[in-house]
Amino acid sequence: MNAHAKIADTPPALGTVDDFLDACRAQRWFVEEGWVTKQTAVDGLQFLAERAGYESEFGVDQMQLWMSDAFAPMPNLPNDYVSSLVRDWEMDDSRDRWRWTGEPRPVRAGEVKRPATYAPAASTIDAFAYVVQLGDPERLTAWLASHPADAPHLLRIYGAQHAGA
């Protein structure tokens with residue numbers, strides 16, 4: 001049988017205004033996800049408001065105000081709020097806490113932890129080259145003693161540069 005569907009003369013009860021506002025927020029989500037256009041969402045909400053009798057009860061202007069509020073842009077939050085929110089989240093997560101506490105970063109499953117390679121700063125290498133250029137062994141010895149972490153690397157660099165000489 002191919003009879004037309006009968007539409008009720010009286011609209012079904014569609015809930016309270018809060019339900020309509022929830023529907024507005026839901027339609028915003030569909031628009032943001034790209035599932036429907038904004039025009040389609042607003043047309044559907046307009047139809048819903050008409051069927052529920054909200055337009056005659058509250059007026060067209062109030063219905064459009066509620067819909068426009070639901071689709072209004074989200075407020076821009078201050079940058080410090082966003083960064084403090086991210087910091088709080090990371091502090092609550094043991095996997096990310098190291099970013100703020102100075103703890104070593106935890107090794108994740110399947111990750112191979114490699115030792116960090118150390119290299120002296122370019123300014124330290126330049127200073128070492130200057131002290132070497134002075135030709136004063138006592139000054140060079142004193143300078144290297146004041147840079148104990150850099151000395152092995154600097155001497156390796158020096159040896160590599162003067163190996164062919």
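Throughout, read-outs are computed from the coordinates displayed, never taken from laboratory work. These numbers were taken from a predicted model, which means no experiment stands behind them. Every residue, glycine among them, receives a Cβ derived from its backbone with ideal geometry; neighbour counts consider all protein chains shown.
Numbers for the structure displayed
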quantity: Taking only Cα atoms of the stretch 23-165, radius of gyration then Dmax in Å; calculated: 32.9, 97
quantity: Positive-end extreme of charge dipole, the stretch 18-165 - chosen from 143, 107, 117 (charges on Cβ); calculated: 143
